[in-house]
Amino acid sequence: LPSSISCSLAQPVTPELLVSPSSQDGDLGSECPEDRGNWTGRLDFLLSCIGYCVGLGNVWRFPYRAYTNGGGAFLVPYFVMLAICGIPIFFMELSLGQFSSLGPLAVWKISPLFKGVGMGTILIVSLVAIYYNMIIAYVLFYLFASLTSDLPWQHCGNWWNTDLCLDHHVIKAGNTTLPVNITNTVSPSEEYWSRYVLHIQGSSGIGDPGRIRWNLCLCLLLSWTIVYLCILKGVKSSGKVVYFTATFPYLILVMLLIRGVTLEGAWKGIRFYLTPQFDHLLSSKVWIEAALQIFYSLGVGFGGLLTFASYNTFHQNIYRDTFIVTLGNAITSILAGFAIFSVLGYMSQELGVPVNQVAKAGPGLAFVVYPQAMTMLRLSPFWSFLFFFMLLTLGLDSQFAFMETIVTAVTDEFPYYLRPKKASFSAVICIALFLMGLILTTEGGMYWLVLLDDYSAGFGLMVVVITTCLVVTRVYGMKRFCRDIHMMLGFKPGPYFRACWMVLSPATMMALLVYNIVKYQPSEYGSYRFPTWAEVLGILMGVLSCLMIPLGMVVAVLQEEGTLWERVQQASRPTMDWGPSLEENRTGMYVTSLAGSQSPKPLMVHMRKYGGITSFENTAIEVDREIEEEESMM
């Protein structure tokens, strides 16, 4: 036969109905992933994950949580919960994303009945992205304010200060040896934050937002512009930015740590931070706090990990990457505690008050306490600029992940329409979220930010993660999931991972969910208590993400045929095109689902087309043998 005829006979013929509108040669497997894009560098994925996980919470939540829950003793439940809950769920998300090369919505081809889980994830991430970028806007505001010879929050006597303002520089100049009672006074940095930056005195509460603060509005616009420019080309652009934003914070953190431990009184703060109080380990609250810190610090359930892994090559060693990122995240949190509490120890000595009176968490630490401590140092504008630049890079990494999650999820649902216009679609999303975030730039915007922070990613996120864990292990099947990982990495997960996925991780997260519901406390900001309607609105935000799951079930069942039970069974099974996206990776059982595959021995089709047997194809042979043995036993 002529070579052209023999070549055409060797190629499987794809029926016209299976050819996509944008496919000219009918080769779906090779065309879609090229359009979707991949990481362009070897470290892009790893640094993106580190940047995503190591965020603002490592600096302003972990140190405070540690000292209020037993100091050094807190590290015991922290690492136990990391092993039980953090590492296994982290690895599960990466495995799902890398195996399927799909975003948080399309990945539910694994079980279309539960596609509502992906919808809930996108809703949660969208709400978080709105207020998280507002925090970055605050950081930008302080970053620009640090570009001066004297920090504006250094002294009293400005138009925004009140009679309660107490300047520690005046106290120090007076050479007083008596401890000063600061209980009924306010620091200049606190009044700068609340009365100048927020101008919160212009609002009576969450129902009275007041006027837009145009300086904050411009900072928010700038932060969204930065985010858009960095995700403009998807992971190809954000993957390069993280080489700076994921590594530079460590340099600044080390500089702040060295400066901190050399200050007088620094060890007073570090001792306060790390002195172990082992009696706290008998309290269930401490273990719950440790699990919460792990849960939110690693960013599981937000879809960011799954999205990043979906841009990997099929055989990327995510098992190794899981341990690098999770342990690196934990070590960073501990180091940040030293950097923060060394400065707080110095600050407490300067003011003559106990460390617990100056220690705070959240925005109070970043925008009040630490800026005040900076004013006590020589070259205070320099150290202030470094601190806020570190916060900026920490925050941007996480925001990149949130935005990439949203964009990837929607474009994977409509690939032929949106992927060619991904830059324009990203712009639309950024503009929409910017407009929704404008209420956060008003005088009462902080009340709305607190409400979003308390409810947007609360119990709804836990329900999403618990459901994902149960669907993968019970509905899809633990044996099948481990077989997929075996095909992808060349080995099966050990008893540790299987035990955590089956029992320990979902049980721990259910305990967290129950604890959060039982110990529910209404939101507050300082002395302000939120009205009932605001609490109801917050609870609805959390419930709405949960309602996406049954809503998705109804839609999936309606799309099937047969009796109700038959529809449920059909909708719970993986779709025909579930599996690796590239044809050369669809070895073993997955080749049979490829368009045009006509051979009863799918692995042999693969070998004929690509030639040779690699170590991963040996794995595929083992998987085929396992399936044949199971079928013969049945």
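The values are calculated or read from the model by the stated rules, or taken from the named source; none is laboratory data. Quick caveat, the model's predicted, so the values are computed rather than measured. Glycine gets a Cβ as well: all are built from the backbone with ideal geometry, and neighbour counts include every protein chain shown. Ligands, DNA and RNA are stripped out before the accessible areas are found, and what is left, the full protein with its side chains, is counted by its heavy atoms. Shrake-Rupley method; radii C 1.70, N 1.55, O 1.52, S 1.80 Å.
List of remarks:
- The range 353-495, relative contact order [Cα under 8 Å, separation at least 6], %: 6
- Residues whose amide H lies under 5 Å from that of E443, counting only those 5 or more places away or on a different chain, are R211, R213; hydrogens are built 1.01 Å from N in the peptide plane.
- Packing, as the average of other Cβ atoms within 10 Å across residues, places the peptides 427-437, 505-515 in the order 505-515, 427-437, highest first.
- Cα shape, the range 397-550, gyration tensor, a/c 1.5 rule: oblate
- Label-point separation, T40 to T262 (7 Å along Cα→Cβ), nm: 4.0
- Shown for the range 457-587: the carbon plus sulfur share of the solvent-accessible area, taken with all protein chains present and a 1.4 angstrom probe, equals 67%.
- Fully extended contour minus Cα-Cα distance, from D208 to L540, at 0.36 nm per residue: 117.5 nm
- Near T185, once Lys and Arg are set to +1 and Asp and Glu to -1 for all other residues with Cβ below 11 Å from its Cβ, the sum equals -4.
- Fully extending the segment from L418 to N516 would add 31.4 nm, taking 0.36 nm per residue of separation and subtracting the current Cα-Cα distance.
- Shape category assigned to the range 480-574 from the gyration tensor of Cα positions, a/c cut at 1.5: oblate
- When the solvent-accessible area of the range 249-391 is split by element, carbon and sulfur atoms take up 68 percent of it, the probe being 1.4 Å.
- The C-alpha atoms of the chain define a longest principal axis, and helix 505-518 lies at about 40 degrees to it.
- Neighbourhood net charge (15 Å Cβ-Cβ; Lys/Arg +1, Asp/Glu -1) for W287: +1
- Å² per residue, accessible surface of the range 245-368 at 1.4 Å: 36
- Counting only DSSP H runs of at least 4 residues, each contributing -39500 (n - 2.57), and dividing by the residue count of the chain, the helix-based mean residue ellipticity at 222 nm comes to -19000 deg cm²/dmol.
- Helix 115-145 axis, angle to the chain major axis (alpha carbon atoms, nearest 10°): 30
- Cα gyration tensor, the range 222-326 - rounded (a/c under 1.5), prolate or oblate: oblate
- Simple label model, 7 Å out from Cα along Cβ direction - N317 to N356, nm: 4.7
- Cβ crowding within 10 Å averaged over residues, with 373-385, 104-116 ranked highest first: 104-116, 373-385
- Assigned charges on the beta-carbon of Lys, Arg, Asp, Glu; the chain dipole about Cα centre (debye): 860
- Residue-normalised accessible area of the range 384-477, given per residue in Å² at a 1.4 Å probe: 28
- Computed E for E524/V80 - FRET, C-beta separation, R0 41 angstrom, nearest 0.05: 0.85
- Packing, as the average of other Cβ atoms within 10 Å across residues, places the peptides 461-470, 270-279 in the order 461-470, 270-279, highest first.
- Summary value for the chain: 30 percent relative contact order, contacts being C-alpha pairs under 8 angstrom separated by 6+ residues.
- Of the residues A507, T467, L547, the one whose Cα sits farthest towards the positive end of the charge dipole of the range 465-583 is A507 (charges of +1 on Lys and Arg Cβ, -1 on Asp and Glu Cβ, taken about the Cα centre).
- Averaging the Cα positions of each part gives two centres, and for the range 435-476 and the range 308-367 these lie 22 Å apart.
- The residues neighbouring L438, those whose beta-carbon lies less than 14 Å from its own, together hold a net charge of +1 under the Lys/Arg +1, Asp/Glu -1 convention.
- Think of each Lys and Arg Cβ as +1 and each Asp and Glu Cβ as -1; about the Cα centre, that makes the dipole of the range 382-466 roughly 320 debye.
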